[in-house]
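What follows is a set of notes on a single structure, which appears directly below.
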Amino acid sequence: MSKATLEIQLKTLPNSPGVYQYYDKEDLILYVGKAKNLKKRVASYFTKNHEYGKTKVLVKKIASVKHIVVDTESDALLLENSLIKKYRPRYNILLKDDKTYPWLCIKKEAFPRVFLTRKVIKDGSEYFGPYTSVRTAKALLSLIKELYPLRTCAYDLSSANIENKKYKVCLEFHIKNCKGACEGLQQETDYLEDVKAIKNIIKGNFKDSLQRFHELMLRFSENLEFEEAQKIKEKIDLLANYQSKSTVVNPSITNVDVFSIISDESFAYVNFFKIANGAIIQSHTTEIKKKLDESDKDLLELSIVEIRQRFNSQSKEIYVPFKVDLGDSVKVTIPKLGDKKRIVDLSLRNAKYYRQERFKQIKIVDPDRHIKRIMAQMQKDLRLSVEPRHIECFDNSNIQGTHPVASCVVFKNGKPSKKDYRHFNIKTVVGPDDFGSMEEVVHRRYKRLLDEGQELPQLIVIDGGKGQLSSSLKSLDVLGLRGKIAIIGIAKRLEEIYYPGDSIPMYLDKKSETLKIIQQLRNEAHRFAINFHRNKRSKSAIQTELELIPGIGKQTIESLLKYFKSAKRVKAASQENLANVIGNDKAAKVFDFFNSK
């Protein structure tokens, strides 16, 4: 299709809500999207300057546009979701979930069985779930069986079969797990009362069951059947314990879905809670791989539709952290305070925990993806043009102006590369001049790298504020590297990040991985410089002590250090050993100096 034809298609789009589909020249579907206003939304793809690379590629590939007009935004969202699942376009996110989750089934039959299943059969049976945690589903089923003895056999318990005594009670009856409905020992009306109570428990409504058990316990007590009363009390405790673990919000919050989202450069994580009677009866978090730098709003809207379909949710109200457009069929609440706000915060915390767990797993099983994510995040946080795969950090160390030294530590792919660490003795600066020292070591480091044709870093971190940063920039100017290597300064007190030419510092989130890596760099540079300075000072102090020995000159000291390797060993040597190196007279002077004190 020609470019002119595509332009005609764009001009003739309606100003109505609907769904648009992009196709390439081979007529393969590239992307499906929804819009409040089809004309404005589609036109924006061709008029905006897209920063995100994949969006640029998509726009270049578009050869034709098709659209479907719908009545409302919610219809557009539902249609978008179904078309994405049907066609699986290359540039759309797809909420994949290959797992088959268990459901609690209440079978449509006489004396219904209650059991776990992964297959939903449309035979009139009631299904509750799905449960993303098999352990949770099994715990709930175990609780139900503890509270209400139900049959587990697959017999056809029709009235005729029971009257004709077709079946006999089994072991389950004798161990009191079943009341013997197969022999007519339990009435169907009583059995269905238990099933009704079970449905309420599954939905998170414990009130009726607790009240019923209390009445039963009192009746047994009044009849002096204390053993039976104790059994009912144990059931009350069991149910109350399960309820206390489940209830996290105000019991008046019922039949509500809660959604939250957290995202980074490449992935988003959406958490879903289903709440009934103040209890979370379902929880699920899903990971979404971004395709076109989608906004959190777009991702959350699509996720809400997909997850509600997957979990068969009929709730008329949802809680979310920000405004989403879902049409008039569902009430959207953005809580600002109280129990409603706390439950949204809890959902967000679950999404964050899930994200952290995924990071830990990925770090082990896919370290390359972990490194790529960290580097992409650092590039975004520090506003860099490239990923900082190679970072170098400088720090100075001197005490009262003595023995000034500096260190350069190197991180590659977010981790220390200790073989590339370097020490510097300050040569051209006299006294405690941090600015001059920084200017010297930065110049020496990068002049050497340039002379030797070695790899330059993508980022330089200077331990210090505006002054040290300005001094370092002078050296980069002299070497012609200004603008070719990104450089920042980090001030110690408030972890302020300074940029060249900008007097206002930037503050990173205290919990961000980017700040943690920069702090690790700074701390490592400081440690490395301090150790070097301490060793140099210590060596100098001991050598000075040898120089204080009367009658011992520089040549003798050199001979001693060459043989004993250190002044400490000279101090500990016997007079005989000293004499073997410097003769008897001088050996006596050295030995007496250290041992006559």
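The values are calculated or read from the model by the stated rules, or taken from the named source; none is laboratory data. As the structure is a prediction and not an experimental result, all values here were calculated from the model. Here Cβ is always computed from backbone atoms with ideal geometry, including for glycine, and neighbour counts include all displayed protein chains. All accessible areas refer to the heavy atoms of the entire protein, side chains included, with ligands and DNA or RNA removed. Shrake-Rupley method; radii C 1.70, N 1.55, O 1.52, S 1.80 Å.
Are any residues in segment 434-461 touching a residue at least 24 places away in the same chain (Cβ under 8 Å) and not in a helix (DSSP H, G or I), and if so, which ones? Once the filter is applied, which keeps residues that are touching a residue at least 24 places away in the same chain (Cβ under 8 Å) and not in a helix (DSSP H, G or I), segment 434-461 yields GLU455, LEU456, PRO457, GLN458, LEU459, ILE460, VAL461. Against the numbered list (1) among the acidic types (Asp, Glu); (2) surrounded by 17 or more Cβ atoms within 10 Å (Cβ to Cβ); (3) over 21 Å from ARG113 (Cβ atoms), ASP194 comes up short only at (3). Spot the failing condition for ALA567; the list is (1) at pLDDT below 80; (2) surrounded by 12 or more Cβ atoms within 10 Å (Cβ to Cβ); (3) under 30 Å from GLN468 (Cα atoms), and only one is missed. ALA567 satisfies all of (1) at pLDDT below 80; (2) surrounded by 12 or more Cβ atoms within 10 Å (Cβ to Cβ); (3) under 30 Å from GLN468 (Cα atoms) except (3).
Taking the conditions (1) polar (S, T, N, Q); (2) outside any helix (DSSP H, G or I); (3) surrounded by fewer than 17 Cβ atoms within 10 Å (Cβ to Cβ) in turn, THR189 satisfies each one other than (2).
Set side by side, the residues LYS54, LYS96, LYS40 differ, and just one is in a helix (DSSP H, G or I), open to solvent by 80 Å² or more (accessible area, probe 1.4 Å) and modelled with pLDDT under 80, which is LYS54. For ILE201, the conditions (1) open to solvent by less than 50 Å² (accessible area, probe 1.4 Å); (2) part of a loop (DSSP other than H, G, I, E, B); (3) modelled with pLDDT under 85 are fulfilled apart from (2). If the condition is being touching a residue at least 12 places away in the same chain (Cβ under 8 Å) and out of contact with any strand residue (DSSP E or B) (no Cβ under 6 Å at 6 or more places or on another chain), then segment 500-517 contributes PRO500, SER503, TYR507, LEU508, LYS510, SER512, GLU513, THR514, LEU515, ILE517.
Only residues that are free of Cβ contacts under 8 Å to residues at least 12 places away in the same chain and assigned to a helix (DSSP H, G or I) were counted in segment 278-326, giving 1. Looking at (1) open to solvent by 20 Å² or more (accessible area, probe 1.4 Å); (2) touching a strand residue (DSSP E or B) at 6+ places or on another chain (Cβ under 7 Å); (3) within 29 Å of PHE213 (Cα to Cα); (4) modelled with pLDDT of 80 or more, which one does PHE128 not meet, given that it meets all the others? Only one criterion is unmet by PHE128, namely (4).
Would you call SER329 in contact (Cβ under 8 Å) with a residue 40 or more places away in the chain, assigned to a loop (DSSP other than H, G, I, E, B), farther than 28 Å from ILE201 by Cβ and polar (S, T, N, Q)? Considered against the rule, which asks whether it is in contact (Cβ under 8 Å) with a residue 40 or more places away in the chain, assigned to a loop (DSSP other than H, G, I, E, B), farther than 28 Å from ILE201 by Cβ and polar (S, T, N, Q), SER329 comes out as yes. ILE343 fulfils the conditions (1) surrounded by fewer than 21 Cβ atoms within 10 Å (Cβ to Cβ); (2) closer than 23 Å to ILE280 by Cα; (3) touching a strand residue (DSSP E or B) at 6+ places or on another chain (Cβ under 9 Å) except for a single criterion, (1). Taken over segment 124-150, the criterion of being assigned to a loop (DSSP other than H, G, I, E, B) and either closer than 19 Å to ASP190 by Cα or among the hydrophobic types (A, V, I, L, M, F, W, C) (or both) is satisfied by TYR148, PRO149, LEU150. Among the residues of segment 160-185, the ones that are open to solvent by 60 Å² or more (accessible area, probe 1.4 Å), over 14 Å from GLU146 (Cα atoms) and either small (Gly, Ala, Ser) or in a loop (DSSP other than H, G, I, E, B) (or both) come to 6 in all. Condition first: modelled with pLDDT of 85 or more and open to solvent by 60 Å² or more (accessible area, probe 1.4 Å). Can you find one or more residues in segment 389-410 that meet it? The answer is yes; a qualifying residue exists.
Filtered by the rule that a residue be of a type in the set (Lys, Arg) and farther than 20 Å from SER295 by Cβ, segment 5-55 gives LYS11, LYS25, LYS39. In segment 251-291, of all residues being more than 23 Å from LYS323 (Cβ to Cβ) and of a type in the set (A, V, I, L, M, F, W, C), the one that is surrounded by the most Cβ atoms within 10 Å (Cβ to Cβ) corresponds to ALA279. The C-beta contact set for segment 144-172 (first residue in contact (Cβ under 8 Å) with a residue 12 or more places away in the chain, second residue of a type in the set (Val, Ile, Thr) and not in a helix (DSSP H, G or I), distance under 7 angstrom, 6+ apart or interchain) comprises ILE144/VAL114; LEU150/VAL114; GLU172/THR152. Of all residues in segment 358-367, those that are open to solvent by 50 Å² or more (accessible area, probe 1.4 Å) and either of a type in the set (A, V, I, L, M) or modelled with pLDDT of 80 or more (or both) total 2. Going by the structure shown, is PHE322 modelled with pLDDT of 85 or more and within 30 Å of ILE460 (Cβ to Cβ)? No, not satisfied. Remark: pairs (first residue in segment 548-560, open to solvent by 30 Å² or more (accessible area, probe 1.4 Å); second residue assigned to a helix (DSSP H, G or I) and at pLDDT 80 or above; Cβ separation under 9 Å; 6+ apart in sequence or on different chains) = LEU548/PHE593; PRO550/LYS589; PRO550/PHE593; GLY551/ASP585; GLY551/LYS586; GLY551/LYS589; SER559/VAL581; SER559/ILE582.
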